[in-house]
Amino acid sequence: MNENLFKTRSVLANMKTTINTLLQHYPTLFYKTLIPYLVAAMAFTTLLFAGADVLVANTDAPSLLPMLSSLVALPLALLLPAVAMAIVFGKLHKQPRTRCIKRNLIAALTFALLALVLYLLIDVAQQGVQTLWPSLIQENDLNDTQNIEIIKYTLTFILLLPFCPLNFAFTKYIITPTLPLRKALKEACTTGLHNWGYLVSNQAAICFLCGVAYYLISIPVKIVLNAYYLNAVGMLQGDVNGLPAYFVPMMFAVCTLIGLLLFQLLNVYATFEYFMYGAAEQRTLEKQQQQHLR
C-alpha cells in the first residue's frame, strides 16, 4: 500500500503529491501503459480518418470499409484506456500482477460502460432540449442560440456530477480486494456523496488542468485535419490536389503520436484520483472519530 494514500490533503496538496509521485514513477507507468495507449491512439486515429472521409464524401451512402473500421476501432478506443488506467492503479497500490489483471480490468471495463451510458444520457438530454423547446432553436436569433447553449452546458454539468462519487467507488473497489462490485457502487457512492463538495472541487481542478493540456497538445491534430478537409473540399469543387503524396501517412503518424500523448494525461488523472480517494477516506474517518467522541 502507498504510504502517502490515507492523509488529509487539500486540493493543492493532492496536486503536489500527484506530481511528486509521477516524477518518481512515470517511466514505469509509461512503459506499462504504452501498448494499450498506443493501440487506442491508432484506433482513435482510424475513427478520425473515417469521420473525415464521411465529411468529404460525395455520396449519400457511406463506404462500407470506414463503417467496418469504425466498428472495430470504437471499442478499442473506449476500453483500452480504461484498461491502462487499471494498470496504473495497480502499480500505485503495489498490487500483485494477477489481481491487477483480473480485478482491476473488471472495474475498468465496468466504469467505461457506466461512463458510456452517462455520455448517451447527456446526448439524449441535449437533443431533448432542442426538441422540446422549439423557441430556443431559431438559428437567426442570437439570443435564442446563446440560451440553448447555456442550457445544454448547464445540463451537461449537472449530469456529469455523478462522475465524482462514481470515480470514488471505482477507486475503492480496485483498492479493497474483498469488496464486491455491487457493494462498492452502493457504499462507496454513499461515502462519495458525503464528501461531494470535496470531490467536486478536486475534479474541477484536475479536469481544468487536463483540459488546458489537452487543448495545447491537440493543436497539431487540428491543423493537419483542417488541411486535409479543406483540400478534399477543394478537390470536390474541381481544384487540383495540393497535398504531397506523403501527407496521409504523415497525418496518420502525427495523429497517432498526439493521441498517445493525450492518453498519457489519463495517467495523471488516475494518479490524482488515487490520492483524492485516500484523502476523502481519511476525511470520512476523522468525521466518524469526532462524532464518536461527542
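The values are calculated or read from the model by the stated rules, or taken from the named source; none is laboratory data. Quick caveat: nothing in here was measured; it's all calculated off a predicted structure. Cβ sites come from the backbone with ideal geometry, for glycine too, and all protein chains shown count toward neighbours. Note: accessible area is taken over every heavy atom of the protein model, side chains too, but ligands, DNA and RNA are not part of it. Shrake-Rupley method; radii C 1.70, N 1.55, O 1.52, S 1.80 Å.
Here are some notes:
- Within the option set Gln130, Gln95, Gln138, being modelled with pLDDT under 70 and either within 19 Å of Phe163 (Cβ to Cβ) or outside any helix (DSSP H, G or I) (or both) holds for one residue only, Gln138.
- Residue within region 162-171 that is at pLDDT below 75 and surrounded by fewer than 21 Cβ atoms within 10 Å (Cβ to Cβ) present: yes
- Test for Leu199: is it within 20 Å of Arg9 (Cα to Cα), modelled with pLDDT of 80 or more and either part of a loop (DSSP other than H, G, I, E, B) or touching a helix residue (DSSP H, G or I) at 6+ places or on another chain (Cβ under 9 Å) (or both): yes
- Checking Asn267 against (1) of a type in the set (S, T, N, Q); (2) at pLDDT below 85; (3) assigned to a helix (DSSP H, G or I), the condition it does not meet: (2)
This table checks each residue for (1) assigned to a helix (DSSP H, G or I); (2) touching a strand residue (DSSP E or B) at 6+ places or on another chain (Cβ under 6 Å); (3) farther than 15 Å from Ala41 by Cα.
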| site | (1), (2), (3) |
| --- | --- |
| Tyr215 | yes, no, yes |
| Val221 | yes, no, no |
| Val224 | yes, no, yes |
| Ala227 | yes, no, yes |
| Ala232 | yes, no, yes |
| Met235 | yes, no, yes |
| Val240 | no, no, yes |
| Pro244 | no, no, yes |
| Val254 | yes, no, no |
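- Residue match in region 6-15 (condition: under 16 Å from Ile206 (Cβ atoms), open to solvent by 60 Å² or more (accessible area, probe 1.4 Å) and not hydrophobic (A, V, I, L, M, F, W, C)): yes
- Close pairs (6 angstrom Cβ cut-off, 6 or more residues apart or separate chains): of a type in the set (Lys, Arg) in region 1-18, modelled with pLDDT under 85 anywhere: none
- Positions within region 215-247 being open to solvent by less than 80 Å² (accessible area, probe 1.4 Å) and closer than 17 Å to Leu257 by Cα, in sequence order: Ile217, Ser218, Ile219, Pro220, Val221, Val224, Leu225, Phe247
- Condition met for Leu71 (in a helix (DSSP H, G or I), open to solvent by 30 Å² or more (accessible area, probe 1.4 Å) and either under 21 Å from Leu257 (Cβ atoms) or modelled with pLDDT of 80 or more (or both)): no
- Qualifying residue in region 196-211 (condition: more than 25 Å from Asn4 (Cβ to Cβ) and open to solvent by less than 20 Å² (accessible area, probe 1.4 Å)): no
- Residue in region 1-35 that is modelled with the lowest pLDDT, counting only those that are part of a loop (DSSP other than H, G, I, E, B) and under 19 Å from Ile87 (Cβ atoms): Met1
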